[in-house]
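Engineer: This structure is in structure tokens; I'll ask about it shortly.
The values are calculated or read from the model by the stated rules, or taken from the named source; none is laboratory data. Computed from a predicted structure; not experimentally measured. Don't worry about glycine lacking a Cβ; one is built from the backbone with ideal geometry, like all the others, and counts go over all protein chains shown. Areas reflect the complete protein model, heavy atoms only, side chains present, ligands, DNA and RNA absent. Shrake-Rupley method; radii C 1.70, N 1.55, O 1.52, S 1.80 Å.
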2 protein chains.
Amino acid sequence: MKSNKIEKDTESKILEAAKRVFVQKGLDGARMQEIADEARINKALLHYYFRSKEKLFMTIFKVELNSFFPRLIPVLLSPDMTHEQKIRHFVEEYIDLFLKNPFLPAFVLREVNRNPQIIAQFIGESGIDSRKLKEVMKVLSNEMGLSLNEVLHLMVTTVSACIFPFAGKPIIEQVLFEGNSTEYNQFLRERKKFVADFVIFSIKGRTI
Amino acid sequence: MKSNKIEKDTESKILEAAKRVFVQKGLDGARMQEIADEARINKALLHYYFRSKEKLFMTIFKVELNSFFPRLIPVLLSPDMTHEQKIRHFVEEYIDLFLKNPFLPAFVLREVNRNPQIIAQFIGESGIDSRKLKEVMKVLSNEMGLSLNEVLHLMVTTVSACIFPFAGKPIIEQVLFEGNSTEYNQFLRERKKFVADFVIFSIKGRTI
DNA sequence: TATCAAATTAACCATTTGGTTAAACTATTT
DNA sequence: AAATAGTTTAACCAAATGGTTAATTTGATA
């Protein structure tokens, strides 16, 4: 048996290459040869480590979907924070995640629309727990003085405001900043504060 | 020459079939044979009308991108409406568009991320005019008492809140409604009122 | 109704692509 | 150092795929 070091190295070289290619091109657009080239190995070695393109893709997708759902539920349930603090924390963490992985939103949306079942398939392993989520909604509902349904919409709106500027980068960059990527990136950095403010102001404006 | 009726019929049969297939599967996932089958014609006929897959795709994409940007600028510039009325009008029209074309957001986002240049390529024909857009922003900035930059973020947030629930359908339906599509559709129908309220409340809450 | 151009099709082609195989290589064990 | 088991590669394969060609059909026109 080869030393574990080299063994693991090849596998992670493959995983890193596959991530880059799949995230950028999607399952349909990716080529096994390109992944092999990117990892600087023979194509047959891909099939030696991961039996098929599908299997390799699923391995990558599972990891990416997992990071797409941030581990923020405990914070949202914390009794030591106001709902304003919770909103700020959530928005900042979520946007930071996408600033570090700018292509994650477009990738997940693309693949999830290509094969909607894939989301049900991995729901268990994705760090999302429906029960906990409902608990969060109840807590927020009490804290904010809104109905459960209003909290649901509020959550979706908040998540939308975080995700869309990344998923729609080519549109926003071109239409709003005439292709100037510096301005677009500046805009993204401002987002954390703006989105949190926006949501908090909306709750205030509603309850007046 | 054959009668115009039949000629046009075949071409539109192709366009309708191509739209269905491309919107669902994207450029990479679509197959010319499938489009031919869907249109109930021979595959060679596709190439007779549209020389290549790329050309056929571009024809479809241009149309879809065009409908993705609604013609709402005149309304937003109208001096006879309050900014609240404008927001309500915009949100209602935009969400209605997606209720009629639920796969449009995912399609546009997918293709625009696959090939970011495509958006610059069609910006002229897409019914979007940067100059007019800036005019809208100035008008809204005055009406709402917000800075230009705040209006920019506000616009992106509003658009996000309209688009994401459609682009992220598989995620929302599964995570928030455990796969119950009736509940998901109910949620979508409520959105028009909620999003408009949300934005308007936020402006109110901010200026207090 | 003979002619002609456009529309349509069946058969075919070249390339790409995911996947396989058998041989070669490497490191560990005896 | 011979045997062994895991790793890596070059060469290959079958199916799929976008695209082409040559022949046939269709319908209008003279």
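Engineer: Hey, any hits in the range B:179-193 for a residue that's facing chain A (nearest Cβ under 9 Å), at pLDDT 95 or above, in a helix (DSSP H, G or I) and surrounded by fewer than 18 Cβ atoms within 10 Å (Cβ to Cβ)?
Structural biologist: Looking through the range B:179-193, at least one residue is facing chain A (nearest Cβ under 9 Å), at pLDDT 95 or above, in a helix (DSSP H, G or I) and surrounded by fewer than 18 Cβ atoms within 10 Å (Cβ to Cβ).
Engineer: Filter the range B:26-65 down to the residues that are within 14 Å of another protein chain (Cβ to nearest Cβ), away from DNA strand C (no atom under 13 Å from the Cβ) and among the hydrophobic types (A, V, I, L, M, F, W, C) and list them by number.
Structural biologist: B:Ala30, B:Phe57, B:Phe61, B:Leu65, listed by residue number.
Engineer: Say whether the condition of being surrounded by fewer than 20 Cβ atoms within 10 Å (Cβ to Cβ), out of contact with any Asp or Glu (no Cβ under 9 Å at 6 or more places or on another chain) and of a type in the set (Gly, Ala, Ser) is met by at least one residue in the range B:66-75.
Structural biologist: Yes, because at least one residue in the range B:66-75 is surrounded by fewer than 20 Cβ atoms within 10 Å (Cβ to Cβ), out of contact with any Asp or Glu (no Cβ under 9 Å at 6 or more places or on another chain) and of a type in the set (Gly, Ala, Ser).
Engineer: Here's another thing I want to ask about it. Looking at this structure, is A:Thr207 among the hydroxyl-bearing types (Ser, Thr, Tyr), surrounded by fewer than 17 Cβ atoms within 10 Å (Cβ to Cβ) and more than 10 Å from chain B (Cβ to nearest Cβ)? So that I can check it myself, show each step before the final result.
Structural biologist: Values: among the hydroxyl-bearing types (Ser, Thr, Tyr): yes; surrounded by fewer than 17 Cβ atoms within 10 Å (Cβ to Cβ): yes; more than 10 Å from chain B (Cβ to nearest Cβ): no.
So A:Thr207 fails the test.
Engineer: For the range B:35-54, name all the residues that are near DNA strand D (Cβ under 8 Å from one of its atoms) and either surrounded by 17 or more Cβ atoms within 10 Å (Cβ to Cβ) or not polar (S, T, N, Q) (or both).
Structural biologist: Residues satisfying the conditions are B:Lys43, B:Ala44, B:Leu46, B:His47, B:Tyr48, B:Arg51, B:Lys53, B:Glu54.
Engineer: So, one more: For the list (1) outside the structural domain of B:Val139 (by TED's automatic domain parsing); (2) open to solvent by less than 40 Å² (accessible area, probe 1.4 Å); (3) more than 9 Å from DNA strand D (Cβ to nearest atom), I need the number of the one condition that B:Met32 fails.
Structural biologist: Failed condition: (3).
Engineer: Does the range A:143-152 contain any residue that is at the interface with another protein chain (Cβ under 7 Å from one of its Cβ atoms) and not in a helix (DSSP H, G or I)?
Structural biologist: no
Engineer: Taking the range A:86-130, which residues are open to solvent by 60 Å² or more (accessible area, probe 1.4 Å), outside any helix (DSSP H, G or I) and within 21 Å of A:Arg20 (Cα to Cα)?
Structural biologist: Result: A:Phe103, single match.
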